[in-house]
1. Radius of gyration and Dmax for the range 26-90's Cα atoms, expressed in Å?
2. What's the magnitude of the charge dipole for the range 1-91 around its Cα centre, counting Lys and Arg as +1 and Asp and Glu as -1 at the beta-carbon? Answer in Debye, nearest 20.
3. Tell me, what % of the accessible area of the chain is carbon and sulfur with a 1.4 angstrom probe?
4. Principal axes first, then extents: for the Cα atoms of the range 6-60, list largest minus smallest coordinate on each axis, whole Å, largest first.
5. Just add up the charged neighbours of Asn101: K/R +1, D/E -1, any other residue whose Cβ is under 12 Å from the Cβ of Asn101.
6. Grab the other residues whose beta carbon is less than 12 angstrom from that of Ile36, score K and R as +1, D and E as -1, and report the net.
7. Given 4 °C and 1.567 mPa s, how large is the Stokes-Einstein diffusion coefficient of the range 78-125 in µm²/s, with Rh as the Kirkwood radius over Cα pairs?
8. Highest GNM mean-square fluctuation, the chain, Cα pairs closer than 10 Å: which of Val16, Val68, Val112?
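The values are calculated or read from the model by the stated rules, or taken from the named source; none is laboratory data. Nothing here was measured: the structure is a model prediction, and the numbers come from that model. Reconstructed Cβ throughout: ideal geometry from the backbone, glycine too, with neighbour counts over all protein chains shown. Areas reflect the complete protein model, heavy atoms only, side chains present, ligands, DNA and RNA absent. Shrake-Rupley method; radii C 1.70, N 1.55, O 1.52, S 1.80 Å.
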Amino acid sequence: MNNILETYQKTTIDEVTVWFKAATTLDFPENGGACIKYKDKQIAVFNFARKNKWYACQNICPHKMEMVLSRGMIGDQAGIAKVACPMHKKTFSLENGENLNGDLPPIATYPVKIENNMVYVGFKD
């Protein structure tokens, strides 16, 4: 089951080779998330309207290996945008994927861009 985590690799904006057209901005709740599928990956996309920013990360929580992060609560910890897993409240930075509880590996994060009210997520594969 841990092999599934290997399908998710953090991507920086400089590494993007594909901008995947995910959906319109209206398809994502304000201050919440939704899940998209890219190839064999489930990606959580968050419209953090309070910060006027968008984030994307793997949808699977490495704690219990459930595809739930898109349903997690988003918030702020010392200025860092974060998501809390809805199952056990493990928290992850939406900016770099770091586990803010310090007891789990980081999650993969992906760049997001908005053009003409469309949401694009960047991948390097």
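1. Computed over the Cα atoms of the range 26-90, radius of gyration and Dmax are 11.3, 34 Å.
2. That gives a dipole near 200 debye.
3. 47 percent
4. 30, 22, 19
5. +1
6. Net charge in that neighbourhood comes out at +3.
7. 106 µm²/s
8. Its mean-square fluctuation being the largest, the pick is Val16.
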